[in-house]
Structures are given as C-alpha cells and as structure tokens.
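Visitor: Would you mind keeping the following structure in view while I ask a few things?
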Amino acid sequence: MPDQNDNLKERVRAFWQANPCGVKFADAAPGTRRFYELVEAHRYTSEWHIPVAAGFVSAGGSKVLEIGCGLGTDGAQFAKAGADYTGVDLTEAAVELARRRFELFDLPGKFQTADAENLDFADETFDLVYSHGVLHHTPDTAKSISEIYRVLRPGGHAIVMLYHRGSYNYRVNISVLRRAGAQLLRREPGIKLVHRITGEPLDSLREHARLIRTEKAAYLRPEEFLSQNTDGAGNPLARVYSRREARELFKDFSEVTLKTYFLNKRRLPLVGRLLPRSLESLLASRWGWHLWIYATK
C-alpha cells in the first residue's frame with residue numbers, strides 16, 4: 001500500500017512541475033535570456049534582502065548544494081562568486097530551466113532531480129547547503145533537515161528559509177484577512193474588489209473562487225487554507241514554523257541562529273506601498289514571513 005507521504009509528495013511534484021517557482025514574474029518566453037533577466041530583477045527588487053542574507057559573495061571556493069534550485073536565480077549568484085555549485089530540485093521542469101540559465105550565461109554548475117528527504121550524495125560532501133522557501137513544501141521536513149546534516153562536512157553551514165508562523169502574513173493576512181476575503185470570492189464583483197485592494201491576479205482569484213464553490217469544506221480547513229494561500233491555488237502543501245519549532249528541527253547542529261526577513265508590502269492594505277525600506281526592515285525583523293535558519297554542523 002503506498003505511503004500517504006509518497007502520495008502527497010507526488011502531488012507536490014505535479015504542482016511545481018506545472019508551476020515552476022518564479023515563472024509568473026516574467027513576461028517573456030521561459031528559457032530566453034530576457035526571461036531570466038526579468039525573473040532576477042523581480043526577485044532582488046521585491047526580496048532585496050536575499051543577497052546579503054544568503055551571503056552569496058562569501059561562498060567563493062566553497063562546495064555548495066542548493067536544495068530546490070528553482071530557475072537557478074540564486075544558484076547563479078553562488079556560481080558568479082566562485083562556488084563549486086550543485087543544484088537539485090524535485091521537478092524536471094526546474095532542473096531544465098536552471099540548467100538552461102547557466103548555459104545561457106556561461107556559468108559552471110551541476111544539476112539533477114532529487115528528493116530533499118533522500119539525497120543522492122555521500123556523507124560530508126558539501127561546505128554549504130542552501131535552501132530558500134522549499135522544505136516547508138515536503139511532507140517530512142525533519143527528514144530533509146537530517147539529510148542536510150548528513151551531507152554537510154564538519155564545520156559546514158546550512159542556510160534554510162522556512163515560512164514563519166509568527167509573521168504578519170500568517171497571523172493577520174492569511175488567518176484573518178484572506179479568510180474573511182474568501183467570502184467575497186463567491187461573486188464576480190467581489191473578485192474584482194479583492195483584485196483592486198490586493199493586486200492579486202484575477203485568474204488566481206477566480207481559481208480560488210472555483211475551489212471555494214467545489215471544495216468549500218476542504219478548502220477552509222486551516223492546513224488546506226494555508227497551503228492554498230501561500231504559493232497559489234492548487235498548492236497541495238505548505239507549512240509554517242515558529243522559532244521554537246525551527247530550533248527543534250535543527251537540534252543536531254552545534255550552533256543555530258534565526259533571523260526573519262520579508263514583510264511583503266503587497267499584503268499590507270493601503271499603507272504597504274508607503275513604507276520606507278528602513279521601517280519595512282525593522283518590522284520584518286520581528287514579523288517577517290521568511291524565517292532564515294543559519295546552522296553550523
């Protein structure tokens with residue numbers, strides 16, 4: 001009998017195979033040079049903290065593994081800095097697009113499909129394992145963390161971003177505002193009103209409306225509602241972690257430091273666009289959506 005986690009993982013794989021992370025942020029043909037340039041510009045404009053938080057420039061000479069390489073955007077920064085870079089992803093779609101990016105921009109790197117919970121690398125292979133916004137989408141996150149520990153060399157570092165339970169986005173936007181707004185999605189005028197207030201694409205809102213009509217009881221369950229309202233309608237799995245829960249996941253590491261970033265201003269009705277970066281950064285340090293874990297083996 002198939003394991004329940006295996007079935008869920010296949011649903012996760014199918015979702016991200018059909019929706020490679022970041023593709024929707026570029027109005028250009030996937031796989032073209034312009035496509036990658038637009039994706040990178042969007043990423044480091046909306047999430048301007050990433051280059052510093054990830055420490056790309058200090059990775060030169062290190063053997064780096066990225067779990068969940070996506071389109072290769074962050075991986076390219078590691079490669080440019082001189083890292084010996086390997087990128088893995090659960091989906092063939094991401095691996096193909098990431099490999100194409102490196103080829104177009106003449107960057108060195110290795111890619112393969114892989115399951116974060118069962119990495120195909122020997123013990124103590126890498127100096128740094130990096131994973132941004134990926135491991136909260138795998139059924140057994142704890143197992144993926146143990147795999148990171150296994151493939152890291154003694155003294156090696158893990159840099160992992162997970163969604164933050166204590167964030168404004170989870171506590172207020174998803175748990176209160178989006179749940180209340182779900183009632184507006186029953187009719188087209190309500191869909192258009194939510195679109196004007198939030199900037200959420202109409203096609204995405206209409207898909208949420210369809211799910212509410214056809215799968216209301218399941219859609220509104222807390223775990224399902226969280227998954228559907230993080231990375232798009234149809235997303236089968238997303239989780240959030242408190243600081244305590246994150247420390248428990250990384251309990252085998254000798255040193256663990258936590259930081260939060262990214263107060264998505266689009267999720268702050270009316271005032272979000274007016275926030276100066278200094279205030280945005282201050283608020284994000286407490287209520288940011290992205291919980292970054294820095295761990296040393």
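Visitor: Being in contact with a helix residue (DSSP H, G or I) (Cβ under 7 Å, 6 or more places away or on another chain), at negative phi and in a loop (DSSP other than H, G, I, E, B) narrows it down to one of Asn173, Asn169, Asn235, so name that one.
Guide: Of the residues listed, the single one that is in contact with a helix residue (DSSP H, G or I) (Cβ under 7 Å, 6 or more places away or on another chain), at negative phi and in a loop (DSSP other than H, G, I, E, B) is Asn235.
Visitor: Could you identify the single residue in Ala217, Ala284 that is in a helix (DSSP H, G or I), out of contact with any helix residue (DSSP H, G or I) (no Cβ under 8 Å at 6 or more places or on another chain), under 25 Å from Arg43 (Cα atoms) and among the aliphatic types (A, V, I, L, M)? Before you say what the answer is, go through the steps one by one.
Guide: Details: Ala217 fails: under 25 Å from Arg43 (Cα atoms).
Answer to the selection: Ala284.
Visitor: Another question about this same structure. Just checking, how many residues over region 86-130 are surrounded by 22 or more Cβ atoms within 10 Å (Cβ to Cβ) and of a type in the set (D, E, K, R)?
Guide: Total meeting the criteria: 2.
Visitor: While we're looking at this one, here's another question. Residues in region 253-261: is at least one touching a Phe, Trp or Tyr at 6+ places or on another chain (Cβ under 7 Å), surrounded by 15 or more Cβ atoms within 10 Å (Cβ to Cβ), outside any helix (DSSP H, G or I) and charged (D, E, K, R)?
Guide: The answer is yes; a qualifying residue exists.
Visitor: Right, another one. Can you pull out every residue in region 52-93 that is of a type in the set (Lys, Arg) and in contact with a helix residue (DSSP H, G or I) (Cβ under 9 Å, 6 or more places away or on another chain)?
Guide: Taking region 52-93 first, the residues of a type in the set (Lys, Arg) are 63, 80.
Listed by number, the list holds a single entry, Lys80.
Visitor: Going by the structure shown, is Val271 at pLDDT below 95, among the β-branched types (Val, Ile, Thr) and assigned by TED's automatic domain parsing to the domain that holds Val12? Even if it seems obvious, please write down each step before you answer.
Guide: Numbers: at pLDDT below 95: yes; among the β-branched types (Val, Ile, Thr): yes; assigned by TED's automatic domain parsing to the domain that holds Val12: yes.
When the stated conditions are applied, Val271 passes them.
Visitor: Considering (1) closer than 30 Å to Ser278 by Cα; (2) in contact with a Cys (Cβ under 7 Å, 6 or more places away or on another chain), say which one Ala94 fails and leave the rest.
Guide: Here Ala94 clears every test but (1).
Visitor: For the list (1) part of a strand (DSSP E or B); (2) not assigned by TED's automatic domain parsing to the domain that holds Gly68, I need the number of the one condition that Val194 fails.
Guide: Just one mismatch for Val194, condition (1).
Visitor: Any residue in region 31-46 that's more than 21 Å from His132 (Cα to Cα): show its pairings with residues that are surrounded by 13 or more Cβ atoms within 10 Å (Cβ to Cβ) at Cβ separation under 6 Å, as long as the two are six or more apart or on different chains.
Guide: Between residues of region 31-46 that are more than 21 Å from His132 (Cα to Cα) and residues that are surrounded by 13 or more Cβ atoms within 10 Å (Cβ to Cβ), the close pairs are Gly31/Arg100; Arg33/Leu104; Arg34/Ala28.
Visitor: Now a separate question. Condition first: in a loop (DSSP other than H, G, I, E, B), touching a residue at least 12 places away in the same chain (Cβ under 8 Å) and either acidic (Asp, Glu) or within 17 Å of Ala76 (Cα to Cα) (or both). Now tell me which residues in region 118-132 satisfy that.
Guide: Going residue by residue through region 118-132, those that are in a loop (DSSP other than H, G, I, E, B) are 119-125.
Keeping just the survivors that are touching a residue at least 12 places away in the same chain (Cβ under 8 Å) gives 119, 121-125.
Answer for region 118-132, where residues must be in a loop (DSSP other than H, G, I, E, B), touching a residue at least 12 places away in the same chain (Cβ under 8 Å) and either acidic (Asp, Glu) or within 17 Å of Ala76 (Cα to Cα) (or both): Asp123, Glu124.
The values are calculated or read from the model by the stated rules, or taken from the named source; none is laboratory data. As the structure is a prediction and not an experimental result, all values here were calculated from the model. We place every Cβ from the backbone using ideal geometry, glycine too, and count neighbours over all the protein chains shown.
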